[in-house]
Each structure stands twice: as C-alpha cells, then as structure tokens.
Amino acid sequence: MLTIENLHAQVENKQILNGIDLDVKAGEVHAIMGPNGSGKSTLSSVIAGHQDYEVNHGTMLLEGEDLVDLSPEERAHKGIFLSFQYPVEIPGVSVTNFIKTAINASRKAKGLEDMPANVMLKKIREKSSLLEIDSRFLSRSLNEGFSGGEKKRNEIFQMAMMEPKLSILDETDSGLDIDALKIVANGVNRLRSKDNATIVITHYQRLLEYIVPDFVHVLLDGKIVKSGTKDLAVELEEKGYDWIKEMA
Amino acid sequence: MAYTEEELKKELETKEYEYGFYTDIDSETFPVGLNEEVVLRISQKKKEPEWMTQWRLKAYQAWKEMDEPDWANVQYSKPDYQAISYYSAPKKKDQYKSLDEVDPELLKTFDKLGISIDEQKKLTGVAVDIVMDSVSVATTFKDTLAKKGIIFCSISEAIQEHPDLVKKYIGTVVPIQDNYFSALNSAVFSDGSFCYIPKGVRCPMELSTYFRINQAGTGQFERTLVIADQSSYVSYLEGCTAPSRDENQLHAAVVELVALDDAEIKYSTVQNWFPGDKNGKGGVYNFVTKRGICHKNSKISWTQVETGSAVTWKYPSCILKGDNSIGEFYSIALTNNYQQADTGTKMIHLGKNTKSTIISKGISAGKSQNSYRGLVQVLPRATNARNFSQCDSLLMGNQCGAHTFPYIEAKNKTAQIEHEATTSKIGEDQIFYCNQRGIDPEKAIALVVNGFSKEVLNKLPMEFAVEAQKLLEISLEGSVG
C-alpha cells in the first residue's frame, strides 16, 4: 500500500530523514519506535504532506501513486489519515460539523454528492458508540477544553468516520490513562481490515500490548536501523534505545 | 392567513417585481456642489412640505459650521464635498438586455451566494422577461402589511402620506447636529425607508427580501426611520449579501429606531459595499450613524455583518432611556486587503435596571485594519444597570491589525460592567489539521472564521445567516497565500 524508498527530508534546512525505506502492505500494522528526536513525527508529517517539510530525495508511493507533489488534502482524499499527537482546537466548530465538512470535502473530490444527513447521522452514532463517546461530546467545539484522552479519542473517532486506507497514529498513547488507552486501542483494532493498513508511532511499548503490530521498526537519526516482529518492541523496552545506538 | 417570507420568496421567483417604493423622479442630475440653493431644489424636486424644507436648510447651516471628524482609526483622503452631485435621478431600470452582458465575476459571486436568476437580473438591472401575473409583489406585500396597520414605504412617500409621524420622530434619535455626516445626511438625504408598527402588532414577516430587491436603487444618503409603537415587534433586515458596485464613493446614511414602551426592534444589517480592489484602489466610504432609543421595558437588537466598504465608520447604538430596557449589539466586521473599519457601539444607560450586551467579532486579513470602538455609559439615575461586552479579534497573516478601544463611564455605584477581550490568530497548524482531513485551505479558513463568528451569525434571521456565512467565505477568497 505504502512504499517508501530512500526518503530524505529536511525542515528549515535541517536534515531530519536520512534514507527511510518502508513497505507497508494492506492488512498490516507497523510500529515505528525510536528515541526523541529520531524523526518519528517528521516521518508522519512528511507522509501527510506538511508544507514545512521538504522531501529532497527518494520516493513515496501510495498504491503505486507518487505522493510527493500532492497537497495534504489530496493525500487525505486518497485515504491517508494522520491521528495528531497534538490535535488543534477550532472554537465554534462542533465535532459533528467538522467531521461532516471533512467527509463531504473528500466526497466532493471524488465527484460524489454530499453524504445524506440521515446516513451521516447513523454513521456518527455507530462510530461514536464504538469509541464510547457521549453524544453531548459531539456538539462541543472541536478539541476546545478537551482532556488529553478526549482529544485522542476524538482523533480515532474521526479516523473511524473517514475510513482511511492508511492510518498513521502519532503518539496516540501519550496523555492517555490506561482506561482511555484500552478504549482507543479497541477502536483501532476493530477498524483493522485486510484492506487498510496502520502505522503506529510510539515511544513506549505499552500501546503495542493492545495494538499488536506485525512489524516493528526502530528509527534512529532519521534512518530505520532495525526491523523485526513485536518481540523487538519487548526487547527495546528491556534494553533501552542505547542498546540500538551501540549496535548502529 | 399570515403571509410568510417563504411564500414571498416563492412569489419572487416567478413574478416580476414591477415597481418598488422609490418614487419616479425626472431623469436629471444636479451639477456638483453643495449650497443652500441645492438643498432647496432637492426639497422642491421631492415636493416636500415647508417644514421639511426648513429642516433640511437648518441641517445644511449646521453642517457648514462643522468639521469632518478625524478621531477614528482610519486613514483616507477626505472627499471634496463640492465635487459631489447631491441629486441624481434613479438609474434607468434596464441597463442590460440579458445576463450575458453583465460582468461574469459578479455573476459568479451571485451563484456562490445562491441568488436566483431572476433576482440576479433584478440586482444587476437586467430586464426580467418572465411575467406570470400582473399583480406586483410589492402590492401584495403592502396589502398584507396594511391589513395590520403597518406602514412600510419610502421616506419620501412617508413625508407626503404620514407627515405627522415623520415630523414627530425624525431627528429625535439622531439630532441634525449630532455629527458631521448626520448633518450632511439631514440636509441632502435622497431617500430611504420608513416603517411604523402600530400598538400591539407583531409584524408577521421579516422586512427583508423586499428590501433586498430595492437595494439596487438605494441612494448615497439614505435615511431610515423605524417606529415600533407600544408592545409591538418588528424584525428588519437591511442590506444585501450581493456585492454592490456603486459609483458613489461616499455613503452617509442615518438610521433612527424608536422602540416605545414594551416594544421590540430587531435590526439586522448585511453590508457588502465595494471594498476597493486588491491594491486598495476605489471602494466605498461608509460613514453611517445608527441609533435607537428604548422606552420602558423595550428592546433593541442590532446585528451587523460588515464585509464591504474601503472605509467603515459605524456605531449602531442604543439609548436605554426607559427603565428595564435592553440594548444588544452583535457584530461581525471582516476586513481584507486594504480595508479599514472602525466600528462598534454605544450603550447609554439612563433608566433603572437597564441591560446591554455587546458581542463584537473582528476578522482582519491582508493588510487591513480593524478597530472596535465602544462606549458603555451608565448615568447617575441608572440604578442596577448591567453590561456585558465581549470583543474578539481574529487575525490572518502578519500584515493586518486588530484594535480595541473600549470606553467605560459609570456614574452609578450599582452598575455592573463586564468586559472580555480575546485576540487569536488563524494558525498554520489549524489549517494543516483541516487539510489533513481533506479540507482545502480556503474552506479551512471559512470553517475557522465561521466558528469564530457563530455567536453573531446565530442572531441573524435563518435565511440570511446562511448567506452571511457564504459571504464571509467569499470575502476571504484569495487571502490564503
């Protein structure tokens, strides 16, 4: 689904990614781990198309189509979803209104009519119950005054609504207590299918106990230095990142 | 059966609007310049009674002695008042044979606003070719109102037909010598609207759609007088979301509202005068004086959405004279490119237990300057007066300015006055977040702006809230880099 080859990227003339290779197939979950500053969040921003990051070498294909020259919204229309580490607040715009706008924007890009209100409503009900979201929550302003857990749950709710092909969860576990973590992980697991893929970016192994990855990659200084199965995550948790650094 | 706005709208879609309330006057334009002679001739042209002529002359004398104000936070080259023609016959009705001859840009905007083809023709002055019925909408409309004793006509007509009402109230809320522009308006006002709601009557429809059709013929010095008699109610909507390309640079309107005991007036404005081009050339100067007086237990609400004009100078105000009266001001002022707006309100608390609410939302983009200027004044007799003010500014980019000038004067110890202010910026992170969800940058900005303006948009009549929302979106087009 997503094929990244020898990807180099910089921000404000600072080289962050130094040749990433990553092949994510439909139905797979990949975890990307690494210490602070290793380039994890940069990778997610680059895949999503943030304008501050410049790709200066390499390729990035989604189902064979080059992503590099596409705008962030075009990438979203093609099925890329990023669950933000720090979701932004939009005062006065309700969760419902936001998701409605987002879904219809993608539909419009595909030449489809707006989703009928009753279909939208049904879907909202279904997906919000999946994530144990109270209906009152849906009429609140997007992320305004939300707790850390609510913000993350809202991200996964949006993911459930948008039904992306490729989801990137950027530090979704940060700021979550164990109960919220379970709800979020349960939601993600139930959305997994043979047709979509997930990249989980995380610092700690904890999340991976709930969202079990098929592959684990360790990122260091903008390069994937080690790949393995979920056992690698356990090993990392025991030995720390210094162990990898010594190896590299 | 009450005649609803919905029905009127349906009619408008199929019927020709035959004649508005603008009196037909000879096609003639006065030479430029302003003097006593010109004022006299305007009055004569309009066949006004002697008292009106004298009133205009008095206004002219007052204006001559006054200076143009320069305290507002705006910069413009002052108009040459002797280079303006103060009387011009209404434009010929049908300027074009078909919509094909009209500026395509303008038509694109109409489409975005969802204005029907017939209305588009009307607004651009194209002959409407569909005639379904010989009864004009105006007549139907007037009949419905007349049954309730509501008078709604042009101010010129009111001066002829209802001189007692006009004489009793004109200039009582905004005195002739109130300010430079009100004096000028009083001397030379071209036309405008008059509305009287009798005791205990609730006006059955928003006085809006009708007004919009008429907008195309609106003059440069408009005069509006709305009187709501005891226990009556009226919701009045002025203006137009469609862009008004007017060749007159200076607009100096005066609006007076009188809410007698237990009456309520809702006055909503959507203003979209030509703001000038991207480089700040051209555009309308909108120097408006709007004020209402509230008698006992009455209420006046001003709601405005201001997106047009090169320079705006406008402070819809309430004089809370009667005990327990309520004044409200809800405003969205959006400036883009080189636009300048200095707008706000005055809430003058004279009576006991008077309440006022001010919600102001300023949106600045491009290189524009947007100022809120407001006065909350509590006079000694106004025991238990309360005010709540909230002024929020939203900035886009780093070349625009937002300013807040709140003035508070409390002369009664029991007064409770609250003022809240916030300034925020549309962040790149907000835009990126929206982009990532498939929403393009322009739509993303519209979403953020609409969220920011929601409290005020909610105060507009439903149908116009939707249009105003689209208008905000259109006004910000091209402001994303």
The stretch A:189-208, residues that are under 14 Å from the mean Cα position of the chain (by Cα) and either under 19 Å from A:PHE157 (Cβ atoms) or β-branched (Val, Ile, Thr) (or both):
A:ASN189, A:LEU191, A:ARG192, A:ASN196, A:THR198, A:ILE199, A:VAL200, A:ILE201, A:THR202, A:LEU207
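In the stretch A:93-117, what residues are touching a strand residue (DSSP E or B) at 6+ places or on another chain (Cβ under 6 Å) and either part of a strand (DSSP E or B) or within 20 Å of A:ILE199 (Cβ to Cβ) (or both)?
Going through the stretch A:93-117, the residues touching a strand residue (DSSP E or B) at 6+ places or on another chain (Cβ under 6 Å) turn out to be A:93, A:95, A:98.
Listed by number, the list holds a single entry, A:VAL93.
Looking at the stretch B:434-449 only, could you name the residues that are within 26 Å of the chain's Cα centre (by Cα) and either small (Gly, Ala, Ser) or within 7 Å of chain A (Cβ to nearest Cβ) (or both)?
From the stretch B:434-449, those within 26 Å of the chain's Cα centre (by Cα) are B:445-449; that's our starting set.
If the condition is that a residue be within 26 Å of the chain's Cα centre (by Cα) and either small (Gly, Ala, Ser) or within 7 Å of chain A (Cβ to nearest Cβ) (or both), then B:ALA446, B:LEU447, B:VAL448 are the ones that fit.
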If you scan the stretch B:159-200, which residues turn out to be surrounded by fewer than 23 Cβ atoms within 10 Å (Cβ to Cβ), of a type in the set (Gly, Ala, Ser) and more than 19 Å from B:VAL39 (Cα to Cα)?
B:GLY200
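Does the stretch B:416-424 include one or more residues that are touching a helix residue (DSSP H, G or I) at 6+ places or on another chain (Cβ under 9 Å), surrounded by 22 or more Cβ atoms within 10 Å (Cβ to Cβ) and either within 14 Å of chain A (Cβ to nearest Cβ) or farther than 19 Å from A:ASN97 by Cα (or both)? Let's see the steps before the verdict.
From the stretch B:416-424, those touching a helix residue (DSSP H, G or I) at 6+ places or on another chain (Cβ under 9 Å) are B:424; that's our starting set.
Narrowing the set further to residues that are surrounded by 22 or more Cβ atoms within 10 Å (Cβ to Cβ) leaves none.
Within the stretch B:416-424 (the criterion being touching a helix residue (DSSP H, G or I) at 6+ places or on another chain (Cβ under 9 Å), surrounded by 22 or more Cβ atoms within 10 Å (Cβ to Cβ) and either within 14 Å of chain A (Cβ to nearest Cβ) or farther than 19 Å from A:ASN97 by Cα (or both)), the answer is no, since none of the residues qualifies.
Sort through B:SER360, B:SER364 and tell me the only one that's closer than 24 Å to B:SER475 by Cα and at pLDDT below 95.
Values: B:SER360 fails: at pLDDT below 95.
None of the other options fit; the residue is B:SER364.
Pick from A:GLY27, A:GLY19: which is of a type in the set (Gly, Ala, Ser), surrounded by fewer than 19 Cβ atoms within 10 Å (Cβ to Cβ) and in a loop (DSSP other than H, G, I, E, B)? If you could, list the steps in order and put the result at the bottom.
Details: A:GLY19 fails: in a loop (DSSP other than H, G, I, E, B).
Sole residue among the options that is of a type in the set (Gly, Ala, Ser), surrounded by fewer than 19 Cβ atoms within 10 Å (Cβ to Cβ) and in a loop (DSSP other than H, G, I, E, B): A:GLY27.
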Of the candidates A:ASP66, A:ASP23, A:ASP52, the one satisfying the condition of being in contact (Cβ under 8 Å) with a residue 24 or more places away in the chain and acidic (Asp, Glu) is A:ASP52
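Out of the residues in the stretch A:49-89 meeting the condition of being outside any strand (DSSP E or B), more than 9 Å from chain B (Cβ to nearest Cβ) and under 23 Å from A:ASN13 (Cα atoms), tell me which one is nearest to the chain's Cα centre (by Cα).
Across the stretch A:49-89, the extreme among qualifying residues is A:LEU67.
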Some residue of the stretch B:199-209 being modelled with pLDDT under 90 and part of a helix (DSSP H, G or I):
yes
What number goes with the only condition from (1) under 30 Å from A:GLY79 (Cβ atoms); (2) touching an Asp or Glu at 6+ places or on another chain (Cβ under 9 Å); (3) crowded, with 22+ Cβ neighbours inside 10 Å that B:PHE452 does not pass?
(1)
Only one of these is at pLDDT below 95 and out of contact with any Ser or Thr (no Cβ under 8 Å at 6 or more places or on another chain): B:GLY308, B:GLY276, B:GLY283. Name it.
B:GLY276
Test: A:LYS100 is surrounded by fewer than 15 Cβ atoms within 10 Å (Cβ to Cβ), under 30 Å from A:LEU43 (Cα atoms), within 14 Å of chain B (Cβ to nearest Cβ) and not hydroxyl-bearing (Ser, Thr, Tyr):
no
Of all residues in the stretch A:130-144 being over 18 Å from the mean Cα position of the chain (by Cα) and in a loop (DSSP other than H, G, I, E, B), the one that is nearest to the other protein chains (Cβ to nearest Cβ):
A:GLU144
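Only one residue in A:ILE211, A:ILE183, A:ILE178 is of a type in the set (A, V, I, L, M) and touching a residue at least 60 places away in the same chain (Cβ under 8 Å), so which one is that?
Numbers: A:ILE183 fails: touching a residue at least 60 places away in the same chain (Cβ under 8 Å); A:ILE178 fails: touching a residue at least 60 places away in the same chain (Cβ under 8 Å).
The unique qualifying residue is A:ILE211.
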Which residue, of A:ASP173, A:ASP195, is among the acidic types (Asp, Glu) and buried (at least 21 other Cβ atoms within 10 Å of the Cβ)?
A:ASP173
Just checking, does the stretch A:139-152 include any residue being under 19 Å from A:LYS40 (Cβ atoms) and in contact with a strand residue (DSSP E or B) (Cβ under 6 Å, 6 or more places away or on another chain)?
no
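Every residue, every condition in (1) in a helix (DSSP H, G or I); (2) at pLDDT below 90; (3) under 22 Å from A:GLU28 (Cβ atoms), yes or no:
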residue: A:VAL212; (1), (2), (3): no, no, yes
residue: A:VAL218; (1), (2), (3): no, no, yes
residue: A:LEU232; (1), (2), (3): yes, no, yes
residue: A:GLU237; (1), (2), (3): yes, yes, yes
residue: A:TRP243; (1), (2), (3): yes, yes, no
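Looking at the structure I just gave you, is B:LYS459 surrounded by fewer than 23 Cβ atoms within 10 Å (Cβ to Cβ) and closer than 16 Å to B:ILE359 by Cβ? Let's see the steps before the verdict.
Details: surrounded by fewer than 23 Cβ atoms within 10 Å (Cβ to Cβ): yes; closer than 16 Å to B:ILE359 by Cβ: yes.
Spelling it out, B:LYS459 is indeed surrounded by fewer than 23 Cβ atoms within 10 Å (Cβ to Cβ) and closer than 16 Å to B:ILE359 by Cβ.
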Go through (1) crowded, with 22+ Cβ neighbours inside 10 Å; (2) more than 14 Å from chain A (Cβ to nearest Cβ); (3) modelled with pLDDT of 90 or more one by one and return the number of the condition B:PHE388 breaks.
(1)
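The values are calculated or read from the model by the stated rules, or taken from the named source; none is laboratory data. As the structure is a computational prediction, the values presented were derived from the model and not from experiment. All Cβ positions, even for glycine, are placed from backbone atoms using ideal geometry, and neighbour counts span all protein chains on display.
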